[in-house]
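Q: Once you've had a glance at the structure underneath, I'll fire off some questions.
Each value in this text was obtained by applying a stated rule to the coordinates, not by laboratory testing. These numbers were taken from a predicted model, which means no experiment stands behind them. Cβ sites come from the backbone with ideal geometry, for glycine too, and all protein chains shown count toward neighbours.
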Amino acid sequence: MKNFKEFWKKLHDAQQLSARDFIDLAVIKAIRSKETDKITVVHALLEKYFTPISNKVRIINGASKYDCIHRLLEANKWYARYNRNDRKVLGVKLDEFFESAEELALYDKLWGSIEEKTLGKKYVYYFTAQDIPPVNQGVQAGHVLFKLGTSLKNKKRIDPDDTYFQWVGVPDSNSLEEIAKKYAKTCKIVKFNESELNNKLTSIAFEPVSSFSRGDLINYELLKY
């Protein structure tokens with residue numbers, strides 16, 4: 001693959017960068033990344049590069065929150081099928097930009113794997129100790145979520161309507177401490193200690209994480225009564 005930075009700079013200096021170029025940039029960075037899950041890299045970068053639509057009228061009228069990406073993905077299907085030999089990336093023909101058939105195939109695969117409808121979705125994982133009565137567990141979960149919400153009041157680009165809550169039960173406070181320690185370097189976590197239970201740690205909650213950056217959090221079984 002050619003050095004994309006010089007082509008990006010050329011378009012930037014000429015003020016010719018388009019929305020499609022930003023999708024290409026996400027795909028190129030994913031190809032160059034050492035991460036094996038490259039489509040997750042693409043999705044994470046797209047959430048960074050594009051701002052979701054907040055105009056409720058447009059959404060009611062049928063626009064998706066990432067409508068720009070949606071339209072470009074639809075256009076790319078036609079573009080890839082009927083203009084295959086003339087396609088360009090950052091202003092350069094694909095067969096000149098990519099130096100192997102494998103790179104080009106991966107480029108096409110990643111473009112075709114983008115899931116626009118899942119962009120912007122956030123997940124809040126919260127864990128509650130189950131060595132207290134069920135009704136108290138609900139109260140403790142409410143406490144930690146309220147505490148989390150207070151800590152997020154000044155955060156931007158967190159849409160409560162696109163936030164999903166995943167409640168997980170664990171045996172006791174020691175389990176909560178182990179989980180908090182496990183994810184301390186990668187996630188921001190708030191804790192709630194119940195003063196009426198000798199300051200016992202009863203619940204923890206993770207700040208919202210992207211659908212594509214949940215990692216092994218998705219392996220936790222959700223709490224059921």
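Q: How are the alpha carbon pair distances in region 122-219 distributed across 5 Å bins from zero to the largest one, expressed in percent?
A: Spelled out per bin, shortest first, that is 2, 13, 26, 25, 19, 10, 4, 0.
Q: Moving on. Under a plain spin-label model, where a point goes 7 Å from the Cα along Cα-to-Cβ, how far apart in nm are V139 and T36?
A: About 4.7 nm, to one decimal.
Q: If the cut-off is a Cα-Cα distance under 25 Å, which lysines reach K88, setting aside same-chain residues fewer than 8 apart in sequence?
A: K2, K5, K9, K10, K29, K34, K38, K48, K77, K109
Q: Could you work out how far helix 101-113 tilts from the main Cα principal axis of the chain, as a 0 to 90 degree angle to the nearest 10?
A: Taking the Cα atoms of the chain, the angle to 101-113 is about 50 degrees.
Q: Pull out the extension gain between A63 and A184, defined as 0.36 nm times the separation in residues minus the alpha carbon to alpha carbon distance; nm, one decimal. Before the final figure, lay out the partial values.
A: On the way: separation 121, 0.36 × 121 = 43.56 nm, distance 3.76 nm.
Going from the current span to full extension adds 39.8 nm.
Q: Once the Cβ-Cβ distance between A75 and E207 is put in as r, and R0 is 45 Å, what FRET efficiency do you end up with, to the nearest 0.05?
A: The calculated FRET efficiency here is 0.80.
Q: Classify region 1-85 as rounded, prolate or oblate from the Cα gyration tensor: take a ≥ b ≥ c as the square roots of its eigenvalues, call it rounded if a/c is under 1.5, otherwise prolate when a/b beats b/c and oblate if not. Write out the running numbers ahead of the final one.
A: Values: a/c = 1.58, a/b = 1.48, b/c = 1.07.
It is prolate, given that a/c is not under 1.5 and a/b is the larger ratio.
Q: Between L222 and D86, what length comes free when the chain is fully extended (0.36 nm per residue of separation minus the Cα-Cα distance, one decimal in nm)?
A: Going from the current span to full extension adds 44.0 nm.
Q: May I have the extent of the alpha carbons of the chain along their three principal axes, as whole Å values ordered from largest to smallest?
A: That gives 69, 41, 33 Å along the principal axes, largest extent first.
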